[in-house]
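Peer 1: For reference, the structure I am asking about is given below.
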Amino acid sequence: MKIAERAIDKLANAMRIYAEANARFDGLKKVDLQEAIDNLDRSFEAKLEAFHSLYDIDKAAFDYFENADTSVILLLRNAIHHRDHELFSSWNETMAQEGGPLRFLGAEFLIASHYVVGGGHVANQLYKAEDFLLRVDSELNSPALESKMSPKNRSKIADQLRADLRFNELLAKANAERYPTRQIYLNVIPIFISAVCRTFKSLKARGASFAGFDASTYEMHFTDELQVDLSVLSYKTIRIR
């Protein structure tokens, strides 16, 4: 458990660093947009890596692939970590590529996010919704299909995405409103919050201490206060003008 407690503190530390990068983003982008984007994306990826480190230590005691939130966060981490494909370019990174947002002049994007109960302001870390399915749904014949995972496990995560995380609802709405798939984005922060809440609650119930400064700061938020309703998606649109 001591090893797990160090991993908890590492994850909490990564979450604090991401929150700080997010708070500085708007100011920094006026000075150096690329640095602002890199700081935010790399600090988010550090959160994914820290979550995966905790998974490595704790997977014998807790089934991280049984629930949609924890399994999809691990899927995202592995996809970004191995980067043997062109999927999972963040919204900010995509908009900052050569030509900038003007490449999408006149286009409207659909942004989906799961509902965080009592969360107040929720950060945005946006990835194309289709990228998740292209990674695990063999019926899409994607060249970026996850090759290290068994067909059974890929199919399980595809089902979790479509049902538990309401991708079927999202895609049906997008289709009815005529959004191209490349213009549908998902905010993964609520899913990450849900995964951390689930994991921290399990660890606390098994006797883990949240002893480090960052861990003790985040303990109450993720074991008592925050809750994500993965059955509820909210939507907003962004039009490039």
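The values are calculated or read from the model by the stated rules, or taken from the named source; none is laboratory data. Given the structure is predicted, the values throughout are model-derived calculations rather than measurements. Cβ: placed from backbone, ideal geometry, glycine included. Neighbour counts: every protein chain shown. Quick note on the areas: whole protein, heavy atoms, side chains included, nothing else; ligands and nucleic acids left out. Shrake-Rupley method; radii C 1.70, N 1.55, O 1.52, S 1.80 Å.
Peer 1: Which condition does ALA23 not pass, out of (1) without any contact (Cβ under 8 Å) to a residue 24 or more places away in the chain; (2) among the aliphatic types (A, V, I, L, M); (3) closer than 15 Å to VAL188 by Cβ; (4) open to solvent by 10 Å² or more (accessible area, probe 1.4 Å), if it passes all the others?
Peer 2: (3)
Peer 1: Taking the condition of being open to solvent by 50 Å² or more (accessible area, probe 1.4 Å) and in contact with an Asp or Glu (Cβ under 8 Å, 6 or more places away or on another chain), how many residues in segment 165-209 meet it?
Peer 2: Looking only at that region, the number is 5.
Peer 1: Of all residues in segment 129-158, how many are surrounded by 15 or more Cβ atoms within 10 Å (Cβ to Cβ) and either touching a strand residue (DSSP E or B) at 6+ places or on another chain (Cβ under 6 Å) or free of Cβ contacts under 8 Å to residues at least 12 places away in the same chain (or both)?
Peer 2: The total comes to 3.
Peer 1: Kindly indicate which of LEU230, LEU140 is closer than 25 Å to GLU108 by Cβ and among the aliphatic types (A, V, I, L, M).
Peer 2: Testing whether each residue is closer than 25 Å to GLU108 by Cβ and among the aliphatic types (A, V, I, L, M) leaves just LEU140.
Peer 1: Follow-up question, since we're still on this one. Inside segment 204-219, can you point out the residues that are of a type in the set (A, V, I, L, M), more than 21 Å from the chain's Cα centre (by Cα) and part of a helix (DSSP H, G or I)?
Peer 2: Passing the criteria: only ALA205.
Peer 1: Surrounded by 14 or more Cβ atoms within 10 Å (Cβ to Cβ), among the small types (Gly, Ala, Ser) and within 16 Å of the chain's Cα centre (by Cα) - does that describe any residue in segment 8-16?
Peer 2: The answer is yes, given that some residue of segment 8-16 is surrounded by 14 or more Cβ atoms within 10 Å (Cβ to Cβ), among the small types (Gly, Ala, Ser) and within 16 Å of the chain's Cα centre (by Cα).
So that you can scan it fast, the table gives a plain yes or no per residue for (1) without any contact (Cβ under 8 Å) to a residue 24 or more places away in the chain; (2) open to solvent by 70 Å² or more (accessible area, probe 1.4 Å):
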| site | (1), (2) |
| --- | --- |
| GLY27 | yes, no |
| GLU35 | yes, yes |
| LYS47 | no, no |
| ILE73 | no, no |
| TRP91 | no, no |
| GLU98 | yes, yes |
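Peer 1: Would segment 25-33 turn up any residue that is in contact with a helix residue (DSSP H, G or I) (Cβ under 8 Å, 6 or more places away or on another chain) and under 21 Å from PHE213 (Cα atoms)?
Peer 2: Among the residues of segment 25-33, not one is in contact with a helix residue (DSSP H, G or I) (Cβ under 8 Å, 6 or more places away or on another chain) and under 21 Å from PHE213 (Cα atoms), which makes the answer no.
Peer 1: Counting only residues that are over 17 Å from LYS47 (Cβ atoms) and touching a residue at least 60 places away in the same chain (Cβ under 8 Å), which one in segment 214-233 is surrounded by the most Cβ atoms within 10 Å (Cβ to Cβ)?
Peer 2: Filtering segment 214-233 for residues that are over 17 Å from LYS47 (Cβ atoms) and touching a residue at least 60 places away in the same chain (Cβ under 8 Å), the one surrounded by the most Cβ atoms within 10 Å (Cβ to Cβ) comes out as LEU233.
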